[in-house]
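I have placed the structure first, in the form of structure tokens, so that the comments after it can refer back to it.
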Amino acid sequence: MKNEKFYITTAIDYINAKPHIGHAYEKVAVDVLARFWAEKFGRDKVRFLTGTDEHGAKIAKAAEASGKPIEDFARETAASFSFAWDQLNVGYDRFIRTTDADHIKKSQELITKIKDNGYLYEGEYSGYYCVACETFYTQTDAPNHICPVHKTELEFLKEKNWFLKIQDFLPAITKKIKSDELKIWPVERKNEILSLLEQGFHDIAISRPSVKWGIPLPWDESQTIYVWVEALMNYVTGAKSGKQDFWPADIHIIGKDIIKFHCIIWPAILLAADLELPKQVVVHGYLTVGGEKMSKSVGNVVDPNDWVAKYGSDAVRYLLLREVPFGDDGDVSEEKLKARYEGELANGLGNLVSRVTTLIEKHLDGKLPGGKPKALEGDEGIGERLENFAFHDALAKIWQWVAWSNKAVDENKLWDLVKTDKEKFTEICGQVASAIVSIAIQLKPFLPETSEKILQIIQAEKITKSEPLFPKIQ
Ligand code: MSP
């Protein structure tokens, strides 16, 4: 990619409940890409946006149930998201809240532009609505008025709304998706959207008269902007960084449940407002926990902070990206985390670094004859894997080097070799130390803390035995 700039976003999370491991999964994936590009192109060329989606009936309902004033509820819950991402070392450039003043202003500006361009009309709508999804459903999508996602009864609504003439844009959107001008990854999702477009798509209401907790329509204060419409606009608000504007987005990363919004409705909004489309929408799958959908009633909702507190942020990042091929659905659990922690992290990488630094300290007085070890040439396809969102495969590849290095220590019986052939011992120590440098460098975007620790130890003036990188879990 020969970009001047690189703008990447996550979906913004609803704040009706606390962050869970599914939300974390997406933020960590985007963080890895952002760190990778920052390393490659320079930190100032990259912008990474995440945040919270705070308006609408669903949030208003949750705030009411909490008994707190809605602004307090929103602030506290939003803070629990930014806190969780900080714990996970997710290095966003901005944490946008849709209640932020600049976002309210930007949304009103964009919706006014769309109206001035002649793409809005007033109409009456009656239909069945799911508050949890914040969306209307047709009879075909929701037989018997039961939400296909939440299995709850839909609410019948009859309202006056403003509508977007989405029909005007469908041919252009179809064309751009087909030609990959708007790229949808993976291709199964692209085909899914193309077949939705083929079936035809209703005009959508862009305002709600009954929802008070929202951004007012500038020309009709009795209505607020439909929460999905202004939520999508966060990507444009958040593109601004001082004088610089990073729009259009290079990549929106989202879950498979919200592709219709990102691949049909969002492009229509942008075209109606004379804005460029994002270059790519990348869709990940859904995580279950212990084989089941996360739910309060099952009691399997994982708070990422709990896992981070016990295993450390790098271990959680490792599990999320190693366990499930990006794009697929997958399952995580504490058992899986523990197994990977003890196996690949502690016994694999941790043990390697500890053994090699011990040998170098003890028998070479902490110094390799060639000076500080340097990385081996080439990245062996790690960059290419990341460009294809194959995080799990990139990590598997790096762990092949870990295995190769551990094997070199074992098979050469370095602790005996030092007594019989010091020269060969020294040479192999040098090779393995270089492999460790390469491993640490390639791991940088994935496991930033561990990578830094390893580089500090292995490239010190005098190498000393490392503390365990992944200590035993109590
Ligand atoms: N607020 C909307 C997004 C607006 S974007 C302009 C929303 N919020 S959400 O909190 O329900 O989901 C936020 C993101 O987390 C979405 O991309 C969603 O797919 C993802 N996930 C939510 N639960 C998930 C799992 N169990 N597993 C993986 N991702 C999950 O939708």
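The values are calculated or read from the model by the stated rules, or taken from the named source; none is laboratory data. Everything numeric in this text was worked out from a predicted model, so none of it was measured. As a convention, Cβ positions derive from the backbone with ideal geometry for all residues, glycine included, and neighbour counts pool all protein chains shown.
Filtering the range 60-113 to residues that are under 24 Å from the mean Cα position of the chain (by Cα), part of a helix (DSSP H, G or I) and small (Gly, Ala, Ser) leaves Ala74, Ala78, Ala79, Ser80, Ser82, Ala84, Ser107. Of all residues in the range 350-360, none satisfies being outside the structural domain of Val90 (by TED's automatic domain parsing), among the polar types (S, T, N, Q) and without any contact (Cβ under 8 Å) to a residue 12 or more places away in the chain.
Selection of the range 175-187 for residues being free of Cβ contacts under 8 Å to residues at least 24 places away in the same chain and part of a helix (DSSP H, G or I) yields Lys175, Lys178, Val187.
The residue list Ile259, Ile264, Ile269 contains one member that is part of a helix (DSSP H, G or I), away from the ligand (no atom under 13 Å from the Cβ), touching a residue at least 24 places away in the same chain (Cβ under 8 Å) and assigned by TED's automatic domain parsing to the domain that holds Phe95, which is Ile264. Scanning the range 161-174 for residues that are over 13 Å from Asn191 (Cα atoms) and within 29 Å of the chain's Cα centre (by Cα) yields Ile166, Phe169, Leu170, Ala172, Ile173.
When the residues of the range 43-55 are filtered to those that are crowded, with 24+ Cβ neighbours inside 10 Å and over 14 Å from the mean Cα position of the chain (by Cα), the one that is nearest to the ligand (Cβ to nearest atom) is Asp53.
When you go through Lys18, Lys40 one by one, which is the residue that is assigned to a loop (DSSP other than H, G, I, E, B) and more than 8 Å from the ligand (Cβ to nearest atom)? Even if it seems obvious, please write down each step before you answer.
Details: Lys40 fails: assigned to a loop (DSSP other than H, G, I, E, B).
Criteria check complete, one pass: Lys18.
Looking across the range 212-254, the residues that are buried (at least 21 other Cβ atoms within 10 Å of the Cβ) and away from the ligand (no atom under 15 Å from the Cβ) come down to Leu217, Gln223, Thr224, Phe246.
On the given criteria, is Asp274 surrounded by fewer than 18 Cβ atoms within 10 Å (Cβ to Cβ) and within 15 Å of the ligand (Cβ to nearest atom)? No.
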